[in-house]
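First the structure, in the form of structure tokens, and then the observations on it.
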Amino acid sequence: LLDADGRIAATIFAEMSALAARTGAINLGQGFPDEDGPAEVLEAARQAIADGVNQYPPGIGMPVLREAVAAHQRRWYGLEVDAASEVLVTAGATEALAATLLAFVDAGDEVVTFEPSYDAYAALVARAGGVHRTVPLRFPDWRPDPAELEAAVTDRTRVILVNSPHNPTGAVLDRETLELVVRLAERHDAIIVTDEVYEHLTFGARHTPIATLPGAWERTVSISSGGKTFSTTGWKIGWITAPASLVTAVLAVKQYLTFVNGAPFQPAIATGLGLPDAFFTDAAAELRAKRDLLAGGLEAAGFAVSRPEAGYFIVADAAPLGYRDGAVLCRELPERAGVVGVPVSAFVHPDRQDAYRSLVRFAFCKRHAVLEDATARLAGLA
Ligand code: PMP
Ligand code: GLN
């Protein structure tokens, strides 16, 4: 977590956004949309501020949001969640991940994730004193090998941390894989933590919350957030849904991390969760068109592309362009093409870089004109 001189190493997202700002390149690095979310949601936040919702909310979250989360789980997934005891509001999915891992992982406990994985996972497992075990996902189809998954989970495993839809690959785990995760968690008495922040941003493949599978609910902490669904990544309103005993354990940690967060944004995200189905499906359809635009542009530029089934990102292989090292390409890309991406190596342990070295992640959660400009610039690379 600290570099050789004891300084905090900046996250790859902060580093790449700074590079984009410095060079004026188009920032397809950090995943945030360049358009605001739905007007009703923005207006609800303004209204809440005007109405004086500006002091500490309850530690577990405001009732209006906990009820909206419970209603959302029922509407989309048929899950019955008790708003009073089985929902906890957090400062984004990030705090939900941090508080959950700190709550359940003791020194030496193992945490199994797929790899590549969102960069916060390795950092938080380390912070909790845990040992990070990984199961590889391989370009371009990212399907995990069931035998490798089975071998990674043992009696030392405290948590299996899954992320579907997945960052950075855009893969959606299939039902068989999710069922295997549940079976392994039962066999080894592990807790399942599932990061589903891209739950609504799918392009055909359906998202199945692992908590809906038989045997899963009682040992699962499900994490989501309003940032992606409502294009409000700066608001940091996230939540967990889990059995009351697990919620209590996570709340015990959260109360000394942030205590509470985001009072006026909580009712606003509740408004968002109550929007009609069409909002969610239209947003996914719009994003799908952006995926196609950027995927086509990257292919035309000479990259080999893995077309994602969900999320904000495309992973592209720069090897056909003669680049063996994505990190080198990402450093040169602002000058060579006026675009910023993120090397996939940032999502992989330093000892296991080989299979990922020439891969670069590009975000497509940007306006059409921006993506068209970016693909035109990338066309000059070949
Ligand atoms: N999990 C994944 C997989 C993500 O991509 C992100 C980043 N947006 C987060 C968690 C963090 O979410 P939040 O901004 O709600 O903390
Ligand atoms: N989740 C976003 C990404 O993967 C940004 C997260 C961050 O900046 N920490 O790009």
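The values are calculated or read from the model by the stated rules, or taken from the named source; none is laboratory data. All values derive from a computational prediction rather than experimental measurement. Note: ideal-geometry Cβ built from the backbone for every residue, glycine included; neighbour counts use all protein chains shown.
For the stretch 7-50, filtered to residues that are in contact with a helix residue (DSSP H, G or I) (Cβ under 9 Å, 6 or more places away or on another chain), assigned to a helix (DSSP H, G or I) and of a type in the set (Val, Ile, Thr), the residue that is nearest to Gln266 (Cα to Cα) is Val41. Checked against the criteria, Ser306 counts as among the small types (Gly, Ala, Ser), touching a residue at least 40 places away in the same chain (Cβ under 8 Å) and not assigned by TED's automatic domain parsing to the domain that holds His207.
Could you check how many residues of the stretch 143-191 are away from ligand 2 (no atom under 16 Å from the Cβ), assigned to a loop (DSSP other than H, G, I, E, B) and within 22 Å of Ile314 (Cβ to Cβ)? I'd like the intermediate steps shown before the answer.
Applying the first criterion (away from ligand 2 (no atom under 16 Å from the Cβ)) to the stretch 143-191 yields 143-160, 162, 172-191.
Next, only the ones that are assigned to a loop (DSSP other than H, G, I, E, B) stay: 143-145, 153-156, 172-174, 188-190.
Remaining after also requiring within 22 Å of Ile314 (Cβ to Cβ): 143-144, 172-174.
Total meeting the criteria: 5.
Within the stretch 8-35, residues that are farther than 13 Å from Val340 by Cα have Cβ atoms under 8 Å from residues that are modelled with pLDDT of 90 or more and away from ligand 1 (no atom under 16 Å from the Cβ) in these pairs: Ala10/Ala18; Asp34/Arg367; Asp34/Val370; Glu35/Arg367, counting only partners at least 6 apart in sequence or on another chain. Condition test on Ser222, is it assigned to a helix (DSSP H, G or I) and either among the small types (Gly, Ala, Ser) or within 14 Å of ligand 1 (Cβ to nearest atom) (or both)? No: the conditions fail for Ser222.
Residue by residue through the stretch 246-281, note down the ones that are surrounded by fewer than 16 Cβ atoms within 10 Å (Cβ to Cβ), under 19 Å from Thr94 (Cα atoms) and not aromatic (Phe, Trp, Tyr). Once the filter is applied, which keeps residues that are surrounded by fewer than 16 Cβ atoms within 10 Å (Cβ to Cβ), under 19 Å from Thr94 (Cα atoms) and not aromatic (Phe, Trp, Tyr), the stretch 246-281 yields Thr248, Ala252, Gln255, Leu257.
Please determine whether any residue of the stretch 41-53 is modelled with pLDDT of 95 or more, within 16 Å of ligand 2 (Cβ to nearest atom) and touching a Ser or Thr at 6+ places or on another chain (Cβ under 6 Å).
Let us first name the residues in the stretch 41-53 that are modelled with pLDDT of 95 or more, namely 41-53.
This time we only want the ones that are within 16 Å of ligand 2 (Cβ to nearest atom), so: none.
No, the conditions are met nowhere in the stretch 41-53.
Restrict the check to the stretch 336-357 and report whether at least one residue is out of contact with any strand residue (DSSP E or B) (no Cβ under 8 Å at 6 or more places or on another chain) and buried (at least 22 other Cβ atoms within 10 Å of the Cβ). Within the stretch 336-357, one or more residues are out of contact with any strand residue (DSSP E or B) (no Cβ under 8 Å at 6 or more places or on another chain) and buried (at least 22 other Cβ atoms within 10 Å of the Cβ). Got at least one residue in the stretch 229-238 being under 27 Å from Val153 (Cβ atoms), in a strand (DSSP E or B), assigned by TED's automatic domain parsing to the domain that holds Glu150 and in contact (Cβ under 8 Å) with a residue 60 or more places away in the chain? Yes.
The set of residues in the stretch 116-126 being touching a residue at least 60 places away in the same chain (Cβ under 8 Å) and away from ligand 2 (no atom under 15 Å from the Cβ) consists of Ala126 alone. Residues in the stretch 171-193 that are out of contact with any Leu (no Cβ under 9 Å at 6 or more places or on another chain) and within 16 Å of ligand 1 (Cβ to nearest atom): Val172, Leu173.
Taking the criterion of being small (Gly, Ala, Ser), more than 29 Å from Asp277 (Cα to Cα) and modelled with pLDDT of 95 or more, would at least one residue in the stretch 68-91 satisfy it? No, there is no match, as no residue in the stretch 68-91 is small (Gly, Ala, Ser), more than 29 Å from Asp277 (Cα to Cα) and modelled with pLDDT of 95 or more.
Residues of the stretch 195-227 being within 16 Å of ligand 2 (Cβ to nearest atom) and among the hydroxyl-bearing types (Ser, Thr, Tyr), which ones?
Within the stretch 195-227, the first condition is being within 16 Å of ligand 2 (Cβ to nearest atom), and the residues that meet it are 195-201, 223-227.
Passing the criteria: Tyr198, Ser224, Ser225.
Candidates Thr233, Thr208: the one that is surrounded by fewer than 24 Cβ atoms within 10 Å (Cβ to Cβ) and farther than 26 Å from Asp36 by Cα is Thr208. Whenever a residue of the stretch 195-207 is of a type in the set (S, T, N, Q), its partners that are away from ligand 2 (no atom under 13 Å from the Cβ), lying with C-beta atoms within less than 7 angstrom and at least six residues away or across chains, give the pairs Thr202/Val172; Thr202/Ala284; Thr202/Glu309; Thr202/Ala310.
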